[in-house]
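Written out below as structure tokens is the structure these notes cover.
The values are calculated or read from the model by the stated rules, or taken from the named source; none is laboratory data. Just so it is clear, the structure is predicted and the values come from calculations on it, not from any experiment. When we count neighbours, we look across all protein chains shown, and the Cβ atoms used for this are built from the backbone with ideal geometry, even at glycine. The protein model used for the area step is the full one, side chains on, heavy atoms only, and it has no ligands, DNA or RNA in it. Shrake-Rupley method; radii C 1.70, N 1.55, O 1.52, S 1.80 Å.
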Amino acid sequence: MQRLARFTVEEINQNAIALFSHYDELRQIILRHLSPSTATLFARPEIKSDNQTVEWYSELEGQPYLLSNSEADKQQLNKLNPIIEQRISAIEQLNHSLASKGEITQEQSARLSQLVEGAKHNTKQIFVVNNEPVITGWGLGKKAVEAPAPVAPVASTTNKHRWCYFLLPLLLLLLLGSLLCWWFNRPEVETLPQANVEPPKIEEPQKVEEPKAEEPKEEDPKVEEPVKEEALPETVEEVKPAKVCRQNIIPGEAPQMVILFNNAAAMKYTIKETPESILTFEDMIRRREVSQRDINYMYRKPNRASATKSAMLELLKSIDSSIDIGLVELRGCLSNNERKSAKSYGIFSGEQRAKLEKQIQNLKIRQNKVPGIPIYEGLQRALKLVDGKEREALILFITDGNGDCTHRNECELLSREIQSRPKLKVNIVQINALGNNTDCLAHISGGQIFNTLVSTEEQLKELIGEATKPIQVEEVCE
């Protein structure tokens, strides 16, 4: 729990102070039916002993950042506003639903309405903690009221000078009378008969013009040197042929890769939620304080598994067909049978790339929620698929950060193997991970760890793309 802000209480805020004492009660109602991120939207108010100061706290971990009026902060607020409005709307709908069913009292319903209205007061501040919006100062001050639109001045002017419309017909009648008077008293203009005078015929001295005298000038266009500039074929012949590029791959020496795919139940979590939000949710599951609606919300797509599949299928199109790719799936730890814990699908050549893509699409997340994954067994199977001695080899481990569930040390296993496999690397992609239990695999092999927070499939694709760079083969152009 960390403090975000401090406010001074005024006399007009007595209703808000009464609401603050019911914060925990309202929070429990929200958590029973909505996601934890909806409850954390409103910071926790705490009234100090002087009854004049309110401090605001958030249970989210991370560096808080107060959005200001700068252009950059305004753009960030524009991105957060739909999320804020969605969560406030969810509370409003929940309030209406529970009140209509009689599942909450009238007082509780009124307090939920007051909580929502508090987010519209002029003293509210919006912090960002781990990419999550948190509102402080809600309920204090006055409700922000939009100024009414100004009345157009045209309407008042029209009312003032309405008498002008009665004067207009009189002016038209006066004008018509003047025209009639002029018509009957106009002076007659005598028209003279037109004389049938034909214009004098001027004989055209056709022979005098002698346009042919200018014939020598016609010789100019005959100088058709510009047309002779058909030196175009010569310029075309000078164009150099396009470079031909090919992969610098020697048969039998192409790099190899194995995808170590975590299919534990934690891969169901959506990538839209932060690790802290997921940690809070799992704590509530242990206390049995969540509903099926909460679970469905935290498992909404794109989840870790679907986003990983989408990213891998897209990246496979850009990996050279000369590179063999293996696939190992980390399953559950409920059985002593190793085949049910980690499964190897073998190695796929370039001609079998379509088969590999189909196999990735068919991977299913295990339903049993048991802590940990069979990393040791998965690493054993991955090592059987690649060389790492004479050929470059990469094990790409995509995980949620959980440790091994078989109580065996996968780091010791790799330490032994790496002695004879100097060209082997393990790169780890952690998807919004809560832990880093397998970081040793990257450190031992000289690999890398990619654990940047992601919230879209495109971001995850870029992360996995960075992790697969060791097998990107340099092109040679001739």
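Some observations on this one:
- Computed with every protein chain present, the accessible area of Thr280 is close to 40 Å² [probe 1.4 Å].
- Net charge contributed by nearby residues that have their C-beta within less than 14 Å of Lys423 (K/R +1, D/E -1): -1
- Volume per residue of the C-alpha convex hull in the range 266-323, rounded to whole Å³: 85 Å³
- Heavy-atom accessible area per residue - the range 275-418, 1.4 Å, Å²: 49 Å²
- The share of alpha-carbon pairs in the range 51-134 lying farther apart than 15 Å comes to 68%.
- By definition, a body whose alpha carbon gyration tensor gives a ≥ b ≥ c is oblate when a/c is 1.5 or more and a/b is not larger than b/c, and the range 425-467 fits this oblate description.
- Among the trypsin sites (Lys or Arg not before Pro) found in the range 1-94, those both in a DSSP coil and sparsely packed, with 11 or fewer other Cβ atoms within 10 Å of their Cβ, are Lys48.
- Listed residue pairs exceeding 26 Å between alpha carbons, taken from Lys309/Lys384; Lys74/Lys120; Lys124/Lys461: Lys124/Lys461
- Heavy-atom SASA rank of Lys101, Lys309 (probe 1.4 Å, accessible area, largest first): Lys101, Lys309
- The gain in end-to-end length when the Ile285 to Ile83 segment is fully stretched comes to 70.3 nm, 0.36 nm per residue minus the alpha carbon separation.
- Gyration tensor (alpha-carbon) shape descriptor, the range 43-99, a/c threshold 1.5: oblate
- Per residue, in Å², the accessible surface of the range 33-103 once ligands and nucleic acids are set aside, probe 1.4 Å: 56 Å²
- Hull shadow area, averaged, the range 350-422 [alpha-carbon convex hull, nm²]: 6.3 nm²
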